[in-house]
Each structure stands twice: as C-alpha cells, then as structure tokens.
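Just so it is clear, none of the values below were taken in a lab; they were calculated from the coordinates. Everything numeric here is computed off the predicted structure, so don't read it as measured data. No Cβ is skipped: glycine too gets one built from the backbone with ideal geometry, and neighbour counts run over all protein chains shown.
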C-alpha cells in the first residue's frame, strides 16, 4: 500500500471473486449513477471487509462487502457501516456519499454496499514519512478536529438512537472482544488471559454516550492530495454508541508503541518531525470537543 497515492489496486483475488455480471445487472436496476460496462478491481490491504473499485462508463465507485465463509456473530457488519456513514452525511464528519445497501445475499453471495470513491492519500505510517514535514502537524490537528466533531454529533438527531445501547460501553466491549477471542483462538496465550482478567476490574467510573468509530486512526482516513486535511473517514465496522475517550485512547496508542517500532510515535524527536506530541494531540481534541481536561 502506498502512503502517497492511496491503496494499490489489483485484479480481484481468487478467494474474493463473485458474479460480476449479476452485480452489474443489480446496479443498473437500483442505482441511477451506475450503468454500462462494469470493471471491478480490488483494493490491496488487510481490510476485514473486502473492498473493490467499480468503474462504470468513466465513473468510479467503491463496493465494500462481507468476506466469504462462516462469520463470527456480530462481525463484518457492512450494513452498520452503511447506516452510520449515511447518518453522518451533512455533519462536520467527512464521510463518502452512500449510494445503496444490498442485504440480498443471492446477488453476489454476501451483503454489500456501494459508496462514493474519494481519491486521496492513505498514510499507513503514523510518522507520515512520505509527506512534507510542514503538512504533518496540520493533518494530525485535523485528525483531532474530526474526532471531536464526531463526538459532538447528537446521535438522536441523525437517527442513530438505536445504533447501540447507551452506557456501559467499556464493559460491553471487554465482554464482546473476550468472547470473540476465545471463540477464535488457536493456542493458549497467558498474557491475553491476564488481560481479560485485568480489564473488567479497571473500567473507568465516568460514563458518556456518543457515536464512536471504534478503529479511529490516521490509516483509516483519506487525506487530500493537495492540502493537509482529511477528506473522508473510512472503516466504520466497529462503530456504535459508546464512550468518546475510548476512541481517543485508541488513536493515541501509537504514542505508546515499543521504542524500537519504526512506525510508532514513541520517540523523542516528534517536534523535529513536525508531528504533535500526545499531550498536544489531546489538548487539540479537548479544545475542539469543549472538554476542559482529561483526568486519566
């Protein structure tokens, strides 16, 4: 994956092939913007939900679908991705335009949705090594601004009141991920067992409810090719109603990477690299989110 031109495009991989003719017919019947000859390419990368570029007579769209095979309960919910991005349209959160959601698995074998293709840069390297140093701070500041904008959205006003259960977000997430880990593990890992015991005993006391992304980080955004700003936030598979500081903690975890991690932000020369420190990033978020400070 390139950090300057977005993810690489390849022919559809054998394990992810589907009936492209059936897709073309479905789009022609249900999506006014699509029609004519259909070309399908796959975005390279490790997304849990395979993602494809659709070319239809000179126009480009993105299709995102569930992976083939048996799926864990509550995993790969592309319908939730579609719903939250459609709801956030017109807010201060940059998301692609949603065109359609297909829950009829007889069309291509799984649920899928089609959205706008947003050209831009994808930075999988948190240091943004491929970007001019003068742009890095501005991009990170906008990353904080967008997160604050997301957490400022009134989920009731945008129709997401049933998108999750208000309250007890940490307890619910710890329980869900622990169960999914146990259901999919192939070997015993003592450190994971200790973590699953430690987390329920150390849940924060305060509780708030906002729309959370669940996987918010620089690598899940599209950055403008000509300006240091975020054009779209992607990969909303884990989004729900939850606690805003879980998102903030997640995006800040790269500041606590192992010291020898070449792509981590746990290094003393961030000022020289024009990347904000963790304290600066949190301060920017708090300023935009209207929070005085964060105690812990």
Response to the item:
Measuring from the longest principal axis of the C-alpha atoms of the chain, the long axis of helix 278-289 (C-alpha) lies at a number of degrees, nearest 10, equal to 70 degrees
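How many percent of all Cα-Cα pairs in the range 9-116 sit more than 19 Å apart?
Values: 2475 of 5778 pairs.
It works out to 43 percent of all Cα pairs.
State, as an integer percentage, the relative contact order of the chain based on alpha-carbon contacts under 8 Å between residues 6 or more apart. Spell out each step's value before the answer.
Details: 494 pairs, mean separation 57.1, N = 296.
Value for the chain: 19 percent.
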Discussion item. At a 10 angstrom cut-off on C-beta neighbours, averaged per residue, how do the peptides 230-238, 262-270, 276-284 rank from highest to lowest?
Written reply: 230-238, 276-284, 262-270
Worksheet item: How far, in degrees from 0 to 90, does helix 169-184 lean away from the longest principal axis of the Cα atoms of the chain, to the nearest 10?
Response: 60 degrees
Worksheet item: GNM on the chain, C-alpha springs below 10 Å: top fluctuator among 15, 191, 209?
Response: 191
Practice prompt. Show me 112-118, 192-198, 155-161 ranked by packing, highest mean number of other Cβ atoms within 10 Å first.
Written response: 112-118, 155-161, 192-198
Practice prompt. Quick one: angle between helix 133-152 and the longest Cα principal axis of the chain, in degrees between 0 and 90, rounded to 10, please.
Written response: 80 degrees
Response to the item:
Restricting to Cα pairs under 8 Å and 6 or more apart, the percent relative contact order of the range 9-116 works out to 24 percent
Fill in: Mean Cβ neighbour count within 10 Å, used as a protection proxy, ranking 79-86, 104-111, 50-57 highest first
79-86, 50-57, 104-111
Worksheet item: Which entry in [x] 6, 28, 39, 23, 4, 0; [y] 6, 25, 33, 26, 9, 1; [z] 6, 28, 33, 23, 9, 1 matches P(r) over Cα pairs in 10 Å bins from 0, in percent derived from the coordinates of this structure?
Response: [y]
